[in-house]
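Novice: This structure is in structure tokens; I'll ask about it shortly.
Just so it is clear, none of the values below were taken in a lab; they were calculated from the coordinates. Predicted model only: the values in this text are computed from it and were never measured. No Cβ is skipped: glycine too gets one built from the backbone with ideal geometry, and neighbour counts run over all protein chains shown.
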Amino acid sequence: MLQKCEGIVIRSTDYGETNKIITLYTRELGKVGVMARGAKKPNSRFTSITQLFTYGTFLFQKSSGLGSLQQGETIQSLRSIREDIFLTAYASYMAELLDKSTENMERNPFLFELLMQTLQFLDDGLDPDILLYIFEMKMLPVLGLHPQLDRCTNCGHRDGTFHFSIREGGFLCHRCFEIDPYRLSISPMAVKLLRLFFYFDLNRLGNISVKQATKNEVKLVIQAYYQEYSGLTIKSKRFLDQLDSLKGKL
């Protein structure tokens, strides 16, 4: 059966001397694995469409296992991501996080839009750290994780000074600080951003400017929360962290 989908290449693996197996995240079907025969040949019509992060339409023969790519047409190549080692690291981490968090053939148009929009913003030059934090926060419900971010996880108060408790799975207000002596002490701005990144619509993102110290707080909370609850090991995270420390020295 032939299937036509709008999709983004989130993984590409060489198979044999001339073929590639690509993993697509599609609007219509969710995650799909497809064999692109001859894609590694110099003059193959599949060379550009099978590049990582390419957004396009894909026509493939669908089967119970791997599909077989018949045709592909690029909508957006997102080349500036692939040509920048830092942006490639961010996009690779997001793609792997999505890949590890989803099953094949589980349709989720929201996730498709999230990935497509995040990569386009990345390609347009928006702050990659902010895009990454938003993406990570939006992926939490996909993993079945729902941190308590709109009130104190203990007493339910919505006002006051808040810190983040990994153990309690959300914000603790100043009335309840003693419940968790290991809570992460973060600034009101970091509290606001964590809440914003989890709840708000990515469509509404403008050019957002955040101090490095606040970014570090947000990153600390997200990393600790993922480490405690996600159960995921993302290989590309290590590379991203190495580049991040390198970026700090440049």
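Novice: Using the number of other C-beta atoms within 10 angstrom as an exposure proxy, rank LYS62, LYS20, LYS247 with the fewest first.
Specialist: LYS247, LYS62, LYS20
Novice: Can I ask one more? Of LYS211, LYS192, LYS40, which has the largest mean-square fluctuation in a 10 Å C-alpha GNM of the chain?
Specialist: LYS211
Novice: Of GLY156, GLN223, CYS176, which is farthest towards the positive pole of the chain's charge dipole, taken about the Cα centre with +1 and -1 on the beta-carbons of Lys, Arg and Asp, Glu respectively?
Specialist: The Cα lying farthest towards the positive end belongs to GLN223.
Novice: Working only with C-alpha atoms, what are the Rg and Dmax values of the stretch 194-250, expressed in angstrom?
Specialist: In Å, with Rg to one decimal and Dmax whole: 13.5, 34.
Novice: In whole angstrom, note down how far apart the Cα centers of the stretch 103-136 and the stretch 176-250 are.
Specialist: Here the answer is 16 Å between Cα centres.
Novice: To continue, here is another question. Where does each of SER77, SER64, SER92 land when they are ranked from fewest to most other beta-carbon atoms within 10 angstrom?
Specialist: The fewest-first ordering by Cβ neighbours comes to SER64, SER77, SER92.
Novice: Of the listed values [x] 1.06; [y] 1.12; [z] 0.92, grab the one calculated as Cα Rg over 2.2 N^0.38 Å from the structure here.
Specialist: The listed entry that was calculated here is [y].
Novice: Estimate the FRET efficiency between THR74 and LEU184 by the formula 1/(1 + (r/R0)^6), using the beta-carbon distance for r and 45 Å for R0, to the nearest 0.05.
Specialist: It comes out at approximately 0.55.
Novice: Under 12 Å from the Cβ of GLY156, count the other residues' Cβ atoms, weight Lys and Arg +1, Asp and Glu -1, and hand me the total.
Specialist: Here the count lands on +1.
Novice: Something else about it: Out of every Cα-Cα pair in the stretch 31-85, what percent are more than 12 Å apart?
Specialist: Counting pairs separated by more than 12 Å, the tail of P(r) holds 66 percent.
Novice: Compute the semi-axes of the equivalent ellipsoid of the stretch 19-131, taking the square root of 5 times each eigenvalue of the Cα gyration tensor, and list them largest first in whole Å.
Specialist: 23, 18, 11
Novice: Could you run the Karplus curve 6.51 cos²θ - 1.76 cosθ + 1.60 with θ = phi - 60° over the stretch 160-170 and give me ³J(HN,Hα) per residue in whole Hz, x for Gly and Pro?
Specialist: Running phi through 6.51 cos²θ - 1.76 cosθ + 1.60 with θ = phi - 60° gives x, 8, 10, 10, 10, 10, 5, 4, 8, x, x Hz.
Novice: Would you report the distance distribution of C-alpha pairs in the stretch 90-210 as whole percents per 10 angstrom bin, up to the bin with the largest distance?
Specialist: 12, 39, 31, 16, 1
Novice: Now for a separate question. Provide, for the stretch 14-167, the number of lysine pairs with alpha carbons under 21 Å apart, each pair being eight or more places apart or on different chains.
Specialist: 9
Novice: I need the calculated FRET efficiency for the pair GLU113 and ALA213, taking r as the beta carbon distance and R₀ as 41 Å, to the nearest 0.05.
Specialist: Taking R0 as 41 Å, the efficiency between GLU113 and ALA213 is 0.85.
Novice: Of the chymotrypsin sites (Phe, Trp or Tyr not before Pro) in the stretch 102-208, which ones lie in a loop per DSSP and count no more than 10 other C-beta atoms within 10 Å?
Specialist: Loop-located and lightly packed - TYR182.
Novice: Before rounding to the nearest 500, sum -39500 (n - 2.57) across all DSSP H runs of length at least 4 in the chain and divide by the residue total; then give [θ] at 222 nm in deg cm²/dmol.
Specialist: My calculation for the chain gives -12000 deg cm²/dmol from helical runs alone.
Novice: If you place +1 on the Cβ of every Lys and Arg, -1 on the Cβ of every Asp and Glu, and leave all else neutral, what size is the dipole of the chain about its Cα centre, to the nearest 20 Debye?
Specialist: 320 debye
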